[in-house]
Structures are given as C-alpha cells and as structure tokens.
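Enquirer: One structure, as structure tokens, below. Some questions next.
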Amino acid sequence: MADKNADANARIIDMFRANAGEVGGPFAGKRVVLLHHLGRKSGTAYISPLVGATDEDAYLVCGSAGGAPADPAWVANVEQGSGVTTLEVGTEVLRVRTTVVRAGSPEWDRLYGIWSQYWPSAKDYEQRGTRLFPVIRLEPLN
C-alpha cells in the first residue's frame with residue numbers, strides 16, 4: 001500500500017509542478033498544496049500533496065487519510081518536527097509555521113468546519129470511521 005500511495009503522490013506532485021499548482025482528477029477546481037516534512041524516525045525528506053483550504057492568511061490541511069482508522073504518518077512527522085516547514089502553493093514556495101490542531105482544542109471545530117466545507121469528500125471520510133481528523137494550520141512566515 002505504501003508503494004501505491006508513493007506512486008500516486010509522485011504523479012500528483014509531477015502534475016502540480018508541471019501545471020503551476022493545478023491538479024486534475026478528483027482535485028479539479030480545488031487547491032492542492034505540497035507539504036514538505038521530515039520522517040520523524042528516518043529523517044527522510046517527504047512531500048505530501050494535500051487539499052488546502054484557507055483561513056485568513058493561512059492554509060489548512062487535514063489528516064483525514066480518506067477516513068482510514070489512523071492518522072497518516074505525515075501528521076506525526078509535522079507534529080514532532082521543528083514547527084516550521086516548506087509549503088508549495090501554485091508556483092510559490094513558502095516557509096510556514098505549523099500548528100497541529102486536534103479535536104478537543106478550542107479551534108478544532110472552526111478549523112475543521114472550514115476544511116470540511118472546502119472539501120466535500122470529508123463527509124464520506126467521516127462515515128468510514130469514528131476518528132476525528134487533525135487539522136494542520138500552516139501560517140506563512142515570508
């Protein structure tokens with residue numbers, strides 16, 4: 001499964017970069033961002049293509065993993081990272097401050113509401129399990 005996801009991510013990343021951030025298929029008409037992060041155990045550099053909603057001047061991504069029972073690995077990588085990383089949005093490369101917001105946090109309802117309204121498939125993901133998905137707020141520093 002990891003290889004299948006890596007192959008799919010590589011295709012999305014290639015499409016993103018070849019088309020100034022535009023990605024087709026199920027992402028057509030939606031903003032996709034490329035989140036850079038380091039493996040928390042391996043230190044390996046990764047890039048995760050994610051649907052990115054906006055909250056004022058920040059971007060929101062969600063650790064939904066399509067409704068899988070566990071958070072995707074990139075969430076733990078970001079959570080245990082330095083708190084600052086790189087985000088590609090369209091043709092821009094931004095340094096961003098990362099804040100992982102989990103259910104129970106005062107901001108979670110509002111932020112998850114913004115993201116789930118932007119990405120209608122969120123409702124399908126919610127029905128696949130009982131996990132409440134973390135939202136990651138990415139605030140540009142530059």
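Enquirer: Collect the residues in segment 7-31 that are assigned to a helix (DSSP H, G or I) and either buried (at least 18 other Cβ atoms within 10 Å of the Cβ) or hydrophobic (A, V, I, L, M, F, W, C) (or both), keeping them in residue-number order.
Expert: Within segment 7-31, ALA8, ALA10, ILE12, ILE13, MET15, PHE16, ALA18, PHE27 meet the criteria.
Enquirer: Let me ask you something else. Starting from residues that are surrounded by 18 or more Cβ atoms within 10 Å (Cβ to Cβ), over 16 Å from LEU87 (Cβ atoms) and not aromatic (Phe, Trp, Tyr), keep the ones in segment 115-142 and report whichever is nearest to the chain's Cα centre (by Cα).
Expert: PRO134
Residues checked against (1) part of a loop (DSSP other than H, G, I, E, B); (2) at pLDDT below 95; (3) under 23 Å from ALA6 (Cβ atoms); (4) of a type in the set (Asp, Glu):
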site: LEU111; (1), (2), (3), (4): no, no, no, no
site: ILE114; (1), (2), (3), (4): no, no, no, no
site: PHE133; (1), (2), (3), (4): yes, no, yes, no
site: ASN142; (1), (2), (3), (4): yes, yes, no, no
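Enquirer: With the structure loaded, tell me whether SER82 is more than 12 Å from the chain's Cα centre (by Cα), surrounded by fewer than 13 Cβ atoms within 10 Å (Cβ to Cβ) and either of a type in the set (S, T, N, Q) or over 26 Å from GLY29 (Cα atoms) (or both) or whether it fails that test.
Expert: For SER82, the condition - more than 12 Å from the chain's Cα centre (by Cα), surrounded by fewer than 13 Cβ atoms within 10 Å (Cβ to Cβ) and either of a type in the set (S, T, N, Q) or over 26 Å from GLY29 (Cα atoms) (or both) - is met.
Enquirer: Then there is this: Condition (residue is within 20 Å of TYR125 (Cα to Cα), crowded, with 17+ Cβ neighbours inside 10 Å and touching a residue at least 60 places away in the same chain (Cβ under 8 Å)) applied to segment 32-41: is it met by at least one residue?
Expert: yes
Enquirer: Could you check segment 96-112 and list, in sequence order, the residues that are surrounded by 14 or more Cβ atoms within 10 Å (Cβ to Cβ), of a type outside the set (Phe, Trp, Tyr) and either at positive phi or under 16 Å from the mean Cα position of the chain (by Cα) (or both)?
Expert: VAL96, ARG97, THR98, THR99, VAL100, VAL101, ARG102, LEU111 - these are the residues of segment 96-112 that are surrounded by 14 or more Cβ atoms within 10 Å (Cβ to Cβ), of a type outside the set (Phe, Trp, Tyr) and either at positive phi or under 16 Å from the mean Cα position of the chain (by Cα) (or both).
Enquirer: Additional query: Taking segment 65-88 as the search range and keeping residues that are closer than 16 Å to ASN9 by Cα and either not in a helix (DSSP H, G or I) or not aliphatic (A, V, I, L, M) (or both), which one is modelled with the lowest pLDDT?
Expert: Restricting to residues being closer than 16 Å to ASN9 by Cα and either not in a helix (DSSP H, G or I) or not aliphatic (A, V, I, L, M) (or both), the top hit is GLY66.
Enquirer: Considering only residues that are among the polar types (S, T, N, Q) and touching a Leu at 6+ places or on another chain (Cβ under 9 Å), which ones fall in segment 108-142?
Expert: ASN142
Enquirer: Give me a count of the residues in segment 84-115 that are without any contact (Cβ under 8 Å) to a residue 12 or more places away in the chain and either within 19 Å of VAL23 (Cα to Cα) or β-branched (Val, Ile, Thr) (or both).
Expert: 2
Enquirer: Determine whether VAL93 is surrounded by 14 or more Cβ atoms within 10 Å (Cβ to Cβ) and within 21 Å of VAL32 (Cβ to Cβ).
Expert: no
The values are calculated or read from the model by the stated rules, or taken from the named source; none is laboratory data. Predicted model, so just to flag it, every value in this text is computed and none were measured. Note that each Cβ is placed from the backbone with ideal geometry, even for glycine, and that neighbours are counted across all protein chains shown.
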